[in-house]
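Read the structure below first, then the notes.
Read the figures in this text as sums done on the coordinates, not as results from a lab. Model, not experiment: these values are computed from the prediction. Note that we place each Cβ from the backbone using ideal geometry, even for glycine, and neighbour counts take in every protein chain shown.
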Amino acid sequence: MAKVSPLVLLPPIIFAAVAGLAIGGLYWGNEEDLPSALIGQEAPAVAPEGLPGKPLLTDADLRGGDLTLVNFWASWCGPCRAEHPTLEALEAEGFRIAGINFADQQGNAMTYLAEEGDPFFAHGFDPRRRTSIDWGVTAPPETFIVDGDGTILYRFQGALVGDDYEQRFRPELEKALSGN
C-alpha cells in the first residue's frame, strides 16, 4: 500500500475553505453595510447619450425641484425584468423615474421598453458603463432617490420587489417625500 503525503490534501482543503468563505459572504453579507459614498452628495453627471426617440435625461432634470428616482437597468438583466412592474406602479403613483440603460445595446433596450412598457420620463444610455461607474453602480438594477436639488438621498441595490422593497426602499421613499 502506497503512502499518501498529507501535502496532497492541502490544495483541496484550501480551496474548500476559500469557497466556503465566498459562499458565506453571499448569505451573511448585508448590502446596507456598504452605504454609497454619494449619499448626501450632489448626483454625478448623467449619461450624455439617450435612446432613439425617447426624451434624453439631463442633469437639469435632477435639479428641477422634483424628487426623482434614477434606475439603472439593462434588457439582459433578470432582476430588472422582475422589478419592472414595481417601476410601472411607482410611475402610476406619480413618481418621476429616470432610466439609465447600461452595458446594453440600444436595439435590445428599445425592444425591451416596447414589449414591457416604459415607466421612465427620461432616458440615459451608458453602453460603456462610464456613468454607472461615476454613480457607484455595481450591478443592475440599482435605484437612487434624488432630492429636487440633485442630492442623492438613498441608494437601493437590487430589484424593487417583495419584502426588501416594502421594508427598505419604500420607507426611504416616504422619508424623502416628507422631507426628513
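Let me know the shape class of the range 78-124, please: from the alpha-carbon gyration tensor, a ≥ b ≥ c as square roots of the eigenvalues, rounded when a/c is under 1.5, otherwise prolate if a/b is greater than b/c, or oblate. Prolate. Neighbours of residue 159, meaning other residues whose beta-carbon lies under 11 angstrom from its beta-carbon, give a summed charge of -2 when Lys and Arg score +1 and Asp and Glu score -1.
Extending 7 Å from Cα along the Cβ direction at residue 134 and again at residue 5 yields two label points whose distance is 5.6 nm. Other residues lying with their Cβ under 12 Å from the Cβ of residue 143 contribute a combined charge of -1, Lys and Arg counting +1, Asp and Glu -1. Dividing the mean sequence gap of close Cα pairs (under 8 Å, 6+ apart) by how many residues the range 95-180 holds gives a relative contact order of 22 percent.
Loop-resident GluC sites (Glu not before Pro) (DSSP state other than H, G, I, E or B) in the range 33-115 with no more than 14 further Cβ atoms inside 10 Å of their Cβ: 93.
Measuring spread by the Cα atoms of the range 63-156 yields a radius of gyration and Dmax of 12.5, 33 Å.
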